Every structure is written in structure tokens, then in C-alpha cells.
Amino acid sequence: MEVLYKSTRSDSRPITASRAILQGLSDDGGLFVPLTIPALDHSLEDFASMSYQETAYQVMKLLLTDYTEEELRGCINRAYDAKFDIPEITRLHRTSDAWYLELYHGATIAFKDMALSILPHLMITAAKKNNEDKEIVILTATSGDTGKAALAGFAGVEGTKIIVFYPKDGVSSIQEKQMVTQKGDNTCVIGIRGNFDDAQNGVKKIFTDEKMKADLAAAGYQFSSANSINIGRLVPQIVYYVYSYGRLLKDQVIQAGDPVNFVVPTGNFGNILAAYYARQMGLPVGKLICASNSNKVLYDFFQTGAYDRNREFILTSSPSMDILISSNLERLIYHVAGNDAAVNAGLMKDLTQKGVYTVTDAMRKQMEIFYGGYADEAATAAQIRKIFEKDGYVLDPHTAVASAVYDTYLEETGDRTPAVIDFTASPFKFERAVMQALGRPSDLSDLDLADALSKVSGDAVPAAVEGLRTAEIRHKIVCEKDAMAEEVRKFLGL
Ligand SMILES: *Cc1c(COP(=O)(O)O)cnc(C)c1O
């Protein structure tokens, strides 16, 4: 059955998956959502014996229905290959209380690789299918990990250019080094004086600027997005929820049909939304545990039904979750409003104008499978230490937030349903915070510190960090948050 996509903010004409991926964001500022959510068409037992790549095909074919089998399998095979440092692409690690789903085995050692290693292929295929002759310009705001994963995915890809904006003082030192050393003539990396929300808002503004769009078209370009607002990021993320369920089945931890809880360290709400879609497609999901750091807008939202961004923005040791406007929540709001674009558009208008919106009790009722929790900086550091001492396993700060929230959840509910915790970044990416939490603070240089962490954890320094030893800094631009559009024009020669 063909699945088409429409905007969350108006009843726009439905478009194909490949068109939605090319476009990224709807013209009215809304996000593309599927008109219907298809059901998995294999038994759960079938997934227990599938490879990651096969699972990816069986899940993605249901949502990206205008791609042929050959096209989709081609994209999957080019994405999930030796760029990942384990052949199974992702794996579960069992500790005393839970299963950690290691999603950081890709080229840039964060879970963003799971989707961003395939997005460029989905996009070029989409351009070909739709006879699009314009060059695609990927415009991306990053809280640290999307930027590098998108750069790695798009660097050198013919017919594309990529521009990444990151908060100059809001990413880890390794994250910044990874981005500013990016090779490829089609890449551009810019630091902004502002936080992630400023970067994301700036990008959304450029996207919807009519004059910009016209100038762009005249120069033979069109924008698209590599942020998780692009449905081409979301769909590949559904895969690992189905895959991990299959692994638990295979290991006889569960029987087909048993529920599994998923614990997700959350920022822009993309990763956990993918788990929600997996559930809507028929995966037996118990609770979706949404873990926030000190920027606990989502925790408050699940407590009260009011989404309120009017608060101080806090820089934490888990910068990829330092977000006050979780873009993908809009998709959930749209669905729980009964797929009502007008209701959703009204709430989003409130968010823009007043910084706050409140959902109805009926909508809250539909979100009961979500449990919100948060961990502050002290709890995050304590959790890194606790899991290391108890299980000999070193977590990164994002995963530690999730792990701490899961402990609270267990205490509060006693719910012993098997739980999968998304492990979203290699600890080497956030080594300073990790070593500090382990009681080994240090003023060693980034790369010496990586060696020290390697001794503690027993894991080799990942290639993505090794490579930074000799990498040349190629991107030096820093701009004010109001000057983003100007920088885009400069890079593209508009
Ligand atoms: C992006 C990111 C998150 C948050 O994921 P969302 O999809 O934005 O909610 C969590 N942890 C890490 C390491 C990330 O890079």
C-alpha cells in the first residue's frame, strides 16, 4: 500500500516519501508525517533471524513505498557496511539491570550515524527518481553529533553541498574538532554565538525565507535538511527498535508478543519518536521512557501537559540533549490530536508567540505510554561511576542520563519488563566529562586523555578520535546568530 506524506500544520497535498525526503520541511513550516502508519508484515519471530540490513529493508520498505526494492537495498548496502566497526552494525550489551543498545559503532561514533549514513543515499536516489536537476544544499543545525555525522555522510557526494551551524561554546572539544577538520570541498562548518535553539531557529527561518528560496532556485540550488525533522532520518531509526526486539527474542529473553520498555536519552525527540512509530507499526512496546538532562522541558511536559520553553538554557555534559524546543514532539502532538493539523498549528503558534502551549486531557491520555524523567549533572556523573563500578561498563553522559532515569523508574514502579537503553555516543566523544565522573579529572590534551580513558575502559581509542591527531583545521568561521543567512549566501555565491 502506498504511504504518502503531509504537513503537520495544514492539509497540504500529500506527497511521496522521496519528495518529502528531498524537501525536508514543509513550506508552511510543518513537518512531514505519514498519512497512515503501516503494520509490520513479518511475524516477530521472523525478525529474530534477520541481519540488520535485512531488518532495515523489511521496515523501511513499508514507509518509503515509492522506492523500488533495488533502490532501497542499494541505499541500505551502501550505508551499513565497513564504516561501522562491528559487522552486526549495532549490538546489545547486557548489564545487571538492562540491555544497552550500542548505537555508536558508525563513522562518527554517535547514534546519528544510524540514520545519516543512509540519508545521503536516500536523497540522491530521490533526486534521480524525481528528475530533480537542482543541486541539493543540506542546511543543518547541530547540537554536536548531527553535524559531524551529516558532514561525513554528504562529504564528496556529487550533486550536494552541506552547511552546518553549531553553537560555538555548546559542544564538546572532540565534537568541535571532528567538525572543523571535515574534508570535502562541498562542506562548510560555521560556529554561531548562540545556543542550539538559536541555530535551529535560524535554519528554519532560512528554509522558509521566500527571497532566499527564489535566489537559490535562480542559482540552481534547492535546500534540504539532514536534521531529524527530515522523515528520511526518522524512518531508518525505526529499524533498530525492531532489530533489538529480534535480538531479545533470539536470546530467549522474551517470547514473541512480550512487551519491551525502551529508554531513550532525548533532545530533539527524534529517536524516541522512532520508537513510538515502531510501536504503532505493531512492535510490542511497554513504556517509552523519555530521559532529559537539566533542560527538562519534556519531563515537565509529561508531568503537566504544558510545554514551556520560557526558562534558562543550561549547558550540560550531555550537550546533544541541551535543547528547549524539541522539534519532533510536533509530530507526536499532531498524531495525538487525532492527526489534526489545525489543532497542531494552533499549539505551534502558541509556542512561537508565547513560548508555551498546553495539550488537552484527551491528548495526554494518548501519551500515557510515555514516562518522563530527568537526571541533573550530579546524578549523571554518579551514574557513570555507578555502572562502571557495578558492571565494568563505561557510559557516555547522554546514556548515563537515560540509565539514571531508568533507575528512578524502577524504584518508582517496580516494573521489571525487560528494558533496552539506547547507548547514543561513544564515551570517547565526551571523555573529559566521563573521566571526571570516574574520579580521574585531568588537564591532559584531548588525545592524551583518550589514551587514558582507553586504559580505564579497556576499549581501544576509536578510529574517529585517532584520526584527529593529525587532522588539519579547515573551518574557522564564527558568526552572530543573526548573520546565518548571510553566511549561507556567501558560501553559495548568491
Ligand atoms: C542527538 C543525540 C541525542 C538526542 O536524540 P534526539 O533524537 O535529538 O532526541 C542523545 N544522545 C546523543 C549522543 C545524541 O547525539
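All of the numbers you see were taken from the coordinates with simple rules; none came from a lab. In this text the structure is predicted, and so the values were computed from the model without any measurement. Cβ: placed from backbone, ideal geometry, glycine included. Neighbour counts: every protein chain shown.
At a glance:
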item	result
Global form of the stretch 32-97, assessed from the alpha-carbon gyration tensor, a/c cut-off 1.5	oblate
Residues of type lysines that Lys476 reaches as a straight line, Cα spacing below 19 Å, ignoring anything fewer than 8 places off in the same chain	Lys148, Lys161, Lys168, Lys177, Lys183, Lys490
Under-5 Å amide H pairs with Ala107, H placed in peptide plane, nonlocal only	none
Length released on extending from Lys490 to Glu312, taking residue separation times 0.36 nm less the Cα-Cα span	60.8 nm
The chain: calculated mean residue ellipticity at 222 nm from DSSP helix runs of at least 4, using -39500 (n - 2.57)	-13000 deg cm²/dmol
Kirkwood-type radius of the stretch 312-380, with distances r between different C-alpha atoms, in Å	13.9 Å
Length-normalised contact order of the chain in % [C-alpha pairs under 8 Å, at least 6 apart]	19 percent
Cα shape, the stretch 373-494, gyration tensor, a/c 1.5 rule	oblate
Alpha-carbon Debye profile of the stretch 4-140, log10 I(q)/I(0) at 0.12, 0.18 Å⁻¹	-0.58, -1.17
Compactness relative to 2.2 N^0.38 Å, alpha carbon Rg of the stretch 253-393	1.12
Rh (Kirkwood; distinct C-alpha pairs) - the stretch 269-317, Å	12.5 Å
The chain: DSSP helices with Cα axial extent of at least 20 Å and average Kyte-Doolittle hydropathy no lower than 0.0	231-250
FRET efficiency, 1/(1 + (r/R0)^6) with R0 41 Å, evaluated for Asp451 and Asp185 via beta carbons	0.80
Kirkwood-based Rg to Rh ratio, the stretch 68-214, C-alpha trace	1.01
Cα centre as origin, Lys/Arg/Asp/Glu Cβ charges: the chain dipole, Debye	600 debye
More than 11 Å apart - percent of Cα-Cα pairs taken over the stretch 452-494	76 percent
Cα Rg, Dmax (largest Cα-Cα span) when computed across the chain, Å	21.0, 61
Whole-number D in µm² s⁻¹ for the stretch 153-278, Kirkwood Cα-pair radius fed into Stokes-Einstein, 20 °C, 1.002 mPa s	121 µm²/s
Equivalent ellipsoid, the stretch 401-468 (semi-axes from 5 times Cα gyration tensor eigenvalues, Å)	30, 14, 9
FRET efficiency for Asp443 and Ile477, using Cβ-Cβ distance with R0 set to 30 Å, rounded to 0.05	0.60
Inter-site label distance for Leu35 and Ser51 at 7 Å from Cα along Cβ, in nm	3.5 nm
Residue pairs, from the table Lys287/Lys481; Lys61/Lys134; Lys204/Lys429; Lys365/Lys481, whose Cα atoms sit over 30 Å apart	Lys287/Lys481; Lys365/Lys481
Positive-end residue, the stretch 1-100 charge dipole about Cα centroid, Cβ charges, pick of Ser51, Thr68, Ala82	Ala82
Full-stretch length increase - Lys390, Asp350 - with 0.36 nm per residue and alpha-carbon distance subtracted	9.8 nm
